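Participant: Could you have a look at this structure, given as C-alpha cells, before my questions?
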Protein chains: 2
Amino acid sequence: MTKQDIPDIVVGRLPFYLRSLQRMQQEGQQVTSSQELGARLGVSAAQIRKDLSQFGEFGKQGTGYNIQFLSNQLRKILNLDQVWDMAIIGAGDVGTALAHYSGFRNRGFQCKMIFDNTAEKIGKTISTLVVKDVVSMADEIQAAGIKVAMLAVPADHAQEVTDLLVEAGIKAILNYAPIQLSVPVGVRVENIDPATHLQRMSYYLK
Amino acid sequence: MTKQDIPDIVVGRLPFYLRSLQRMQQEGQQVTSSQELGARLGVSAAQIRKDLSQFGEFGKQGTGYNIQFLSNQLRKILNLDQVWDMAIIGAGDVGTALAHYSGFRNRGFQCKMIFDNTAEKIGKTISTLVVKDVVSMADEIQAAGIKVAMLAVPADHAQEVTDLLVEAGIKAILNYAPIQLSVPVGVRVENIDPATHLQRMSYYLK
C-alpha cells in the first residue's frame, strides 16, 4: 500500500498510539492489547486493529502487542527513526516556550534555530539557542537542510514568513499564528490555536 | 435540532469559519460567499453550506453572507455571546505564555486565575494575574464558578489535577500535558501536543 492510499485521519491517530505505547514503556510494561490501548485512548479496540492492519501485522491474536516492537514499527512508519531538525520562527512567548520544551527530543524532533525580527531579541540566548535575525532565515534554513518549522509570529506576518519558509525548502509547518496559511502542494501545515479548541468546547457548555 | 444531533466534526469546523469571518471583518470586508470562505479555509463551498444549514438559514442564494450577521450567529451557536472565565493550571513556560496571550479576549475567553505548586512561582505576577497556590485551586475555581481550565502541568501530575478540576466544577479542559486524560461524561477535553502534530507531518516527509 502506498502512502497516498492511507487516509490522513488514520495517519493522524498513529502519533497518539505511539504516545500511549511510550508511556506504557516508561511505566515498565512490555505487552499490551488493542483493548487496553483503546481504553487508554477512548477509541475502540476494533478501530486500533483496523488502523494498524493498514501497515502490516504487528501482533498475534490472543498474545497482544509487544510494546517495544510496535513502538519501533510506528516510529518507522512515521519516519521517526531519525531526529528531525526544526527552526522556530518568532521568539515571543510561544517561541520561547517551544525552545525550552524538553519533550521534542524523545519524540523525534529537535530545535536547531530560532529567529526573530526585533533588535532586542536578536543575539539573546533561549535554552541553548541564540536568536538570529529573521533576515538570514531563508539562507540558514536552506544551508542546514531543515525541513520542519514552527511558526510563532503574529498573524499579520504569518503568510509572508510562510512564503519564505517554503522557498527555503521547509516541508512541514506547525503554525501557531491564528490564521489559515496558504502553501503549495507538497508542504504540510498543522495548526495550533488554543482559541479554536476552546470554542469547540464552549458549544457544549450550556 | 438538538445539540446531540449535530456531529462533533461539524461543530469543530465552526470556530474556523468564525475565525476567517473575523479576519475578513478586520480587513474591512462586509459580505462573503461560501466559495470565498471555502477557498480561504481549504474546504469546499458545499461543505460550508451544508455545515451552516444544520443550524439555520444565514444567507440568500446569490447574495452571499453578511459577515457581521453570520459571525454573530456563529458566536451564539458556540455560546460565545458571553465571555468565559478560565483558570490556568501550571505557571511554567506554557502557562506563562497562555497568561500573556492577548488573543483570547476577542474570541470569547479570559484568564482569571493561574495556579502553581512551586514556592518560587506562587505570589509572582504574570501579566495581570498573581500566581496562586494550587492547594487553593479547587475552592477558588468553585467559588468563582469557573467552567473552563487550561492544563499546563507535567504529564505525571495531569490526571490528579484533572480529577480535582472536575470535582471543582470544570466542564472544559484544554490539555497541554502530553497524556490522555480520563474524565467523566459531561466534561470535555481538547488536547494540544505539538509533538503529535509534528509526527503527523513527518509521515509525509520522505
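The values are calculated or read from the model by the stated rules, or taken from the named source; none is laboratory data. Note that the coordinates shown come from a computational prediction; the quantities given were computed from them, not determined experimentally. For neighbour counting, all protein chains shown are included, and Cβ atoms are generated from backbone atoms with ideal geometry for every residue, glycine included.
Participant: Could you list all residues from the range B:139-167 that are surrounded by 20 or more Cβ atoms within 10 Å (Cβ to Cβ) and of a type outside the set (V, I, T)?
Facilitator: B:K147, B:A149, B:M150, B:L151, B:A152, B:A158, B:L165, listed by residue number.
Participant: Select, from A:L205, A:L174, the only residue that is surrounded by 21 or more Cβ atoms within 10 Å (Cβ to Cβ) and out of contact with any Gly (no Cβ under 8 Å at 6 or more places or on another chain).
Facilitator: Testing whether each residue is surrounded by 21 or more Cβ atoms within 10 Å (Cβ to Cβ) and out of contact with any Gly (no Cβ under 8 Å at 6 or more places or on another chain) leaves just A:L174.
Participant: Please return the ranges of strands (runs of 3 or more DSSP E) entirely within the range A:111-206 where 1 or more residues are away from chain B (no Cβ under 14 Å) and farther than 24 Å from B:I192 by Cα.
Facilitator: A:129-133
Participant: Against the condition among the small types (G, A, S), facing chain B (nearest Cβ under 9 Å) and crowded, with 21+ Cβ neighbours inside 10 Å, how does A:A91 come out, does it pass?
Facilitator: no
Participant: Residues to consider are A:A39, A:A87; find the one that is at pLDDT below 95 and small (G, A, S).
Facilitator: That would be A:A39, the only listed residue that is at pLDDT below 95 and small (G, A, S).
Participant: Now a separate question. Return yes when B:M86 is in contact with a Cys (Cβ under 7 Å, 6 or more places away or on another chain) and closer than 25 Å to A:P194 by Cβ and no when it is not.
Facilitator: Criteria met by B:M86.
Participant: Take the residues of the range A:14-39 that are more than 11 Å from chain B (Cβ to nearest Cβ) and surrounded by fewer than 17 Cβ atoms within 10 Å (Cβ to Cβ): which is farthest from A:Y65 (Cα to Cα)?
Facilitator: A:G28
Participant: So how many residues does the range B:152-166 have that are in contact with a Pro (Cβ under 9 Å, 6 or more places away or on another chain), closer than 9 Å to B:A177 by Cα and at pLDDT 95 or above?
Facilitator: Looking only at that region, the number is 1.
Participant: Determine whether B:Q110 is of a type outside the set (G, A, S) and more than 22 Å from B:Q142 (Cβ to Cβ).
Facilitator: When the stated conditions are applied, B:Q110 does not pass them.
Participant: Do any residues in the range A:116-136 that are farther than 17 Å from A:M86 by Cβ have Cβ atoms under 8 Å from those of residues that are part of a loop (DSSP other than H, G, I, E, B) and of a type in the set (V, I, T), where the two are at least six apart or on different chains, and which pairs are they?
Facilitator: So the pair list comes out as A:D133/A:I122.
So that you can scan it fast, the table gives a plain yes or no per residue for (1) in contact (Cβ under 8 Å) with a residue 60 or more places away in the chain; (2) closer than 30 Å to B:A144 by Cβ; (3) over 23 Å from the mean Cα position of the chain (by Cα):
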| position | (1), (2), (3) |
| --- | --- |
| B:P7 | no, no, no |
| B:Y17 | no, no, no |
| B:E36 | no, no, yes |
| B:G42 | no, no, no |
| B:Q47 | no, no, no |
| B:G59 | no, no, yes |
| B:D85 | yes, yes, no |
| B:I88 | yes, yes, no |
| B:G92 | yes, yes, no |
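Participant: Of the numbered conditions (1) modelled with pLDDT of 95 or more; (2) surrounded by 14 or more Cβ atoms within 10 Å (Cβ to Cβ), A:G103 satisfies every one except a single condition; which is it?
Facilitator: Result: A:G103 passes all but (1).
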